[in-house]
Amino acid sequence: MSRRRSLDQLSKLPTILGHEVEHVGTLVGPDNYVVHGRVQGDSDIDGALLIGPDCQWVGNIVADTVIIKGQVEGNVHARFKLEVRPSARITGNLSSPLIAIAEGAVVKGNISPDSLLTRYTERRHH
């Protein structure tokens, strides 16, 4: 069995919030989302959520799978898997059955003791 990134396995095209988008309020939906802009509010997503490298999110995040490349100020809960990439800067608590944190990522908060935690060095650059 080969190891693949969470985004490589998505079967549905995501909803994209671009670099110039500023969303205020709760983001809820049964879809996959890629966020590059600014968000002030919480989420409850039945799908995957990718926080892009230029994204600034202030609020709590709940989604099936969460991949963070940008900045988050708030707690993050992934129902299945949480990936924290090298460019991520998080101030808040993390919880998920599986958490992978890349070398270089900054997390200022607690990690759930029930989580299986993996630390890794990023080998891909895209």
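Numbers below:
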| quantity | calculated |
| --- | --- |
| Ranking of Val34, Val84 by count of other Cβ atoms within 10 Å, fewest first | Val34, Val84 |
| Net length gained if the chain between Arg123 and Ile16 were fully extended (0.36 nm per residue, minus Cα distance) | 36.0 nm |
| Beta bridges per DSSP with both ends in the range 14-120, % antiparallel, nearest 5 | 0 percent |
| Fewest-first sequence of Thr118, Thr15, Thr65 by Cβ atoms within 10 Å of each Cβ | Thr118, Thr15, Thr65 |
| Sorted by Cβ neighbour density within 10 Å, fewest at the top, the residues Val21, Val35 | Val21, Val35 |
| Point-to-point label distance, Val28-Phe80, nm (Cα→Cβ direction, 7 Å offset) | 2.2 nm |
| Chain lengthening between Glu103 and Leu116 when straightened (0.36 nm per residue, less Cα-Cα) | 3.0 nm |
| Relative contact order %, the chain, counting alpha carbon pairs below 8 Å whose residues are six or more apart | 14 percent |
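Just so you know, all these numbers are worked out from the coordinates, no wet-lab data involved. Just so you know, these numbers come straight off a predicted model, no measurement behind them. Methodologically, a virtual Cβ is constructed for each residue, glycine included, from the backbone with ideal geometry; neighbour enumeration extends over all protein chains shown.
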